[in-house]
Amino acid sequence: VRWMMYWIVFALFMATETFTDLLISWFPFYYEVKMAFVIWLLSPYTRGASLLYRRFVHPTLARKEKDIDAFLIRARERGYETALRFGKRGLNLAATAAVQAATKSQGALAGRLRSFSMQDLRSLPDQ
């Protein structure tokens with residue numbers, strides 16, 4: 001549980017840091033403060049990640065739980081529908097390409113193929 005809290009808080013920190021890094025990286029000792037913050041999050045003595053998770057992240061997730069569940073259900077349904085739609089479209093494209101290739105090469109194939117009737121087989125030299 002401790003590591004889960006750390007990784008969730010660290011992921012949120014990294015996501016926000018990606019955008020804020022552009023704005024505040026010019027402050028003196030910015031990178032040192034950022035490194036100290038990550039060590040504070042990770043330290044078993046300070047339990048910074050636990051503190052931030054229990055004070056901010058968990059209450060926010062608990063408040064938004066119904067919205068998150070509804071979003072996940074909608075995303076699952078849309079994902080399934082999208083996979084079916086693209087699957088059908090892909091199969092239709094493959095079938096169309098196969099039919100077009102067969103119709104284009106039918107004349108060339110007919111000239112090259114010959115029928116192997118009994119008369120044709122009798123005319124072959126014995127080997």
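Worth pointing out:
- Residue check: MET14 meets all listed conditions (1) open to solvent by 60 Å² or more (accessible area, probe 1.4 Å); (2) within 22 Å of the chain's Cα centre (by Cα); (3) touching a residue at least 12 places away in the same chain (Cβ under 8 Å) but one, namely (3).
- Within segment 26-73, being polar (S, T, N, Q) and part of a loop (DSSP other than H, G, I, E, B) holds for SER43, THR46.
Yes or no, residue by residue, for (1) modelled with pLDDT of 75 or more; (2) open to solvent by 100 Å² or more (accessible area, probe 1.4 Å); (3) among the aromatic types (Phe, Trp, Tyr):
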position	(1), (2), (3)
GLU65	yes, yes, no
ARG74	yes, yes, no
ALA94	yes, no, no
LEU121	no, no, no
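The values are calculated or read from the model by the stated rules, or taken from the named source; none is laboratory data. As the structure is a prediction and not an experimental result, all values here were calculated from the model. Positions of Cβ are generated from backbone atoms using ideal geometry, with glycine treated the same way; all protein chains shown enter the neighbour counts. In case anyone asks, the SASA skips ligands and DNA or RNA and just uses the protein heavy atoms, side chains included. Shrake-Rupley method; radii C 1.70, N 1.55, O 1.52, S 1.80 Å.
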